[in-house]
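Remarks on the structure that follows.
The values are calculated or read from the model by the stated rules, or taken from the named source; none is laboratory data. Just so it is clear, the structure is predicted and the values come from calculations on it, not from any experiment. Because the Cβ atoms are built from the backbone with ideal geometry, glycine has one as well, and the counts that use them run over all protein chains shown. These accessible areas exclude ligands, DNA and RNA; they are computed on the full protein's heavy atoms, side chains included. Shrake-Rupley method; radii C 1.70, N 1.55, O 1.52, S 1.80 Å.
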Amino acid sequence: MTARMIMKLRVEAAALSTPKVLHLTLVHPIRPELPAWEPGAHVDLRLPDGKIRQYSLCGDSADRRTYEIAIKREDAGRGASRWAHDALAPGAVAHVSAPRSNFRLQEARRHVFVVGGIGVTPALAMARRLAADGADFTVHFCARSEPEAPLLPELRAVCGDRLQTWFSADGRRFDPQLIGPAHDACLYVCGPQRLLDAVRTAAAELGWPEQRICAEAFQATLDENFKPEPFDATLASTAETLHVPADRSLLEVLRDHGITMPSSCELGVCGSCVCGYTEGVVIHRDAALSVADRQDKIATCVSRARVSVTLDL
Ligand code: FES
């Protein structure tokens, strides 16, 4: 895997979509076209301290001139969103990677979206493509209230009566059973982990096959009560065994030993640090991998092993 190209893009427009969500339009200062992307793709935004954060592209994938992202200000967060809200005014430069897709539209006769809050961003781009293709789709959009629902006018314009809004402050809470039976549909869920869990539970009760469910978490799921234990990681290619102490991640130990590992969120959300494993009992703590992928893949930034694991490296 290679490092992702970083482009210096200019903020062409910056507007508050809600009091906490900044909607940015980015352009290349010289080139008329940006790298192409598929609806559901995200970009990395590099911060001045070198850290990176990921944001889904929410604009029109047919528009090669601009990228659009929306950033929710998290006052209790680690500072990235506060920096973005304060610094990324029109004319500012944003260091942004080429897009990458972990979350894609699937072949299906019907598409059902359940999105919560800022999780609307990939769904907006996906709905725009589906609408352009004349596809059959429904979007359930959950937020606390209409003024706090990011990108709502844009989503309404794209979806029309295919959009159903659920604002808890108005007493309209989304019932996950509303997704109905699967038939020939694909289900997309993006938002906080509790929404993903509720929809996955309902989908299982309604008989949805796991492979028809695409989920993207917009928050880390890490259990604060988790007590990490040390373990050993063996590299299949060299048989070298590395010790991972309780206070270090597998990702950090791999890097300490000169193994180049990509990463982005380092929260178990994006999937960029994932590698394969062939033996061992893995304690999966990520929100990136599907149940099927967990059989032979591990998110090295957050997941650990019981006693030992053999990595496909
Ligand atoms: S770096 Fe994002 S899941 Fe590990």
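For segment 110-217, what % of the accessible area comes from carbon and sulfur atoms, probe 1.4 Å? Working shown, then result.
On the way: 2140 of 4470 Å².
Carbon plus sulfur share of accessible area: 48 percent.
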Might you work out the accessible area of H284 for me, using a 1.4 Å probe with all protein chains in place, and round it to the nearest 10 Å²?
50 Å²
Calculate what fraction, in whole %, of the accessible area of segment 6-97 sits on carbon and sulfur atoms when a 1.4 Å probe is rolled over the protein chains.
51 percent
For a test of the definition: using alpha carbon positions, the gyration tensor, and the 1.5 limit on a/c, classify segment 110-217 as rounded, prolate or oblate.
oblate
Once both labels are modelled 7 Å past Cα along the beta-carbon direction, what's the E107-S308 spacing in nm?
4.3 nm
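For the chain, what is the accessible area per residue in Å², given a 1.4 Å probe and the full set of protein chains?
On the way: 14960 Å² over 313 residues.
Accessible surface, normalised per residue, equals 48 Å².
Write out the trypsin sites (Lys or Arg not before Pro) in segment 1-83 meeting two conditions: DSSP loop, and at most 12 other Cβ atoms within 10 Å of their Cβ. The partial results should precede the final answer.
Values: sites: R4, K8, R10, K20, R46, K51, R53, R64, R65, K72, R73, R78, R82; in loops: R4, K20, K51, R64, R65, R73, R78.
Here the trypsin sites (Lys or Arg not before Pro) that fit, given the DSSP loop and packing criteria, are R78.
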Equivalent-ellipsoid semi-axes of segment 6-97, from the Cα gyration tensor, Å, largest first
20, 14, 13
With DNA, RNA and ligands ignored, accessible area of D60 (1.4 Å probe; Å², nearest 10):
60 Å²
The chain - share of DSSP beta bridges that are antiparallel (%, nearest 5):
60 percent
Contact order relative to length for the chain, counting C-alpha pairs under 8 Å separated by 6 or more residues, stands in percent at 14 percent
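Contact order normalised by length for segment 6-97, with contacts defined as Cα pairs under 8 Å and 6 or more residues apart; what percent is it? Could the numbers behind the result be given before it?
Details: 182 pairs, mean separation 35.0, N = 92.
Here the relative contact order equals 38 percent.
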If each of T241 and V27 carries a label point 7 Å out from its Cα toward its Cβ, how far apart are those two points in nm?
5.9 nm
List every residue whose amide H lies under 5 Å from the amide H of I283, counting only residues 5 or more places away in sequence or on a different chain, with H placed 1.01 Å from N in the peptide plane.
R304, A305, R306
Applied in sequence order to segment 289-294, the curve 6.51 cos²θ - 1.76 cosθ + 1.60 (Karplus, θ = phi - 60°) yields integer Hz couplings, x standing for Gly and Pro, of 8, 6, 4, 5, 5, 5
Taking only the alpha-carbon atoms of segment 49-194, what semi-axes of the equivalent ellipsoid follow from 5 times the gyration tensor eigenvalues under a square root, in whole Å, largest first?
27, 19, 14
When every protein chain stays in place and a 1.4 Å probe is rolled, R104, R194 sorted by accessible area with the largest first are R194, R104
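Can you tell me the equivalent ellipsoid semi-axes for the chain? Use √(5λ) from the Cα gyration tensor, largest first, whole Å. Mind showing how you got there, number by number?
Working: eigenvalues 207, 128, 65 Å².
Over the Cα atoms of the chain, the semi-axes work out to 32, 25, 18 Å.
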Expressed as a rounded percentage, what relative contact order does segment 53-143 have, with Cα pairs under 8 Å and six or more residues apart?
31 percent
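Keeping all protein chains in place and using 1.4 angstrom, which order do H28, H95 fall into by accessible surface area, from largest down? Don't skip to the answer; put the middle values down first.
On the way: H28 30, H95 65 Å².
Descending order: H95, H28.
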Above-threshold pairs, the threshold being 29 Å between Cα atoms, out of K8/K227; K20/K297; K8/K72; K20/K51
K8/K227; K20/K297
log10 I(q)/I(0), Debye, Cα-only segment 248-292, no solvent, q = 0.27 Å⁻¹?
-1.23
So, taking all protein chains as they sit and a 1.4 Å probe, how much accessible area belongs to E148, in Å² rounded to tens?
80 Å²
Report, in whole Å, the centroid distance computed from the Cα atoms of segment 263-296 and segment 44-60.
21 Å
Under the 0.36 nm per residue contour assumption, what length would be gained going from the current alpha-carbon distance of I6 and D184 to full extension?
60.2 nm
Which residues' amide hydrogens lie under 5 Å from the amide hydrogen of F231, considering only partners 5 or more residues apart or on another chain, with H built in the peptide plane?
V244
Cα long-axis angle, helix 193-205 against the chain (0 to 90 degrees, to the nearest 10)
90 degrees
Taking V244, V307 and ranking on accessible area (1.4 Å, protein atoms only), highest first, one gets V307, V244
Taking H as built 1.01 Å from N, whose amide H comes closer than 5 Å to the amide H of C186, not counting residues under 5 places away?
R110, H111, V112
Give the angle, between 0 and 90 degrees and rounded to the nearest 10, that separates the Cα long axis of helix 120-132 from the longest principal axis of the Cα atoms of the chain.
60 degrees
Taking +1 at the Cβ of each Lys and Arg and -1 at the Cβ of each Asp and Glu, which of G258, L235, G271 sits farthest along the dipole of segment 231-311 towards its positive end, judged by Cα position relative to the Cα centre?
G271
